[in-house]
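The values are calculated or read from the model by the stated rules, or taken from the named source; none is laboratory data. None of these values were measured; they are calculated from a predicted model. Note that each Cβ is placed from the backbone with ideal geometry, even for glycine, and that neighbours are counted across all protein chains shown. Each accessible area value is taken on the protein alone, full model and side chains, heavy atoms only, with ligands, DNA and RNA left out. Shrake-Rupley method; radii C 1.70, N 1.55, O 1.52, S 1.80 Å.
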Amino acid sequence: MVQPGDRVAAGDTLLVFEAMKMQSNLKVTGDCTVREILVAEGETVAGGALLVKLDVLQNESDNHGKE
């Protein structure tokens with residue numbers, strides 16, 4: 001559902017995975033940018049496998065004017 005470089009916000013769906021014929025959405029809990037997708041559509045993955053790498057975006061107001 002996303003590509004590397006995409007910016008996603010809290011609550012956005014990154015990917016949909018299927019286990020035992022049930023689909024589930026993997027959603028982000030904070031604003032971030034997709035760095036890398038480590039799986040392909042239809043690929044079988046083991047439990048605990050790393051699926052996506054993200055870069056967390058700092059809230060502008062958290063910086064208090066600092067860069």
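The test for being of a type in the set (Lys, Arg) and touching a Cys at 6+ places or on another chain (Cβ under 9 Å) does not hold for Arg35. When residues in the range 1-22 are screened for being open to solvent by 100 Å² or more (accessible area, probe 1.4 Å), in a loop (DSSP other than H, G, I, E, B) and more than 16 Å from Lys53 (Cα to Cα), 2 of them pass. Kindly establish whether Glu36 is open to solvent by 70 Å² or more (accessible area, probe 1.4 Å) and part of a loop (DSSP other than H, G, I, E, B). So Glu36 fails the test. Whenever a residue of the range 18-41 is among the small types (Gly, Ala, Ser), its partners that are in a loop (DSSP other than H, G, I, E, B), lying with C-beta atoms within less than 8 angstrom and at least six residues away or across chains, give the pairs Gly30/Ala10; Gly30/Leu57. Can you find, within the range 11-38, the residue that is nearest to the chain's Cα centre (by Cα) among those that are hydrophobic (A, V, I, L, M, F, W, C) and closer than 11 Å to Val56 by Cβ? Restricting to residues being hydrophobic (A, V, I, L, M, F, W, C) and closer than 11 Å to Val56 by Cβ, the top hit is Val28.
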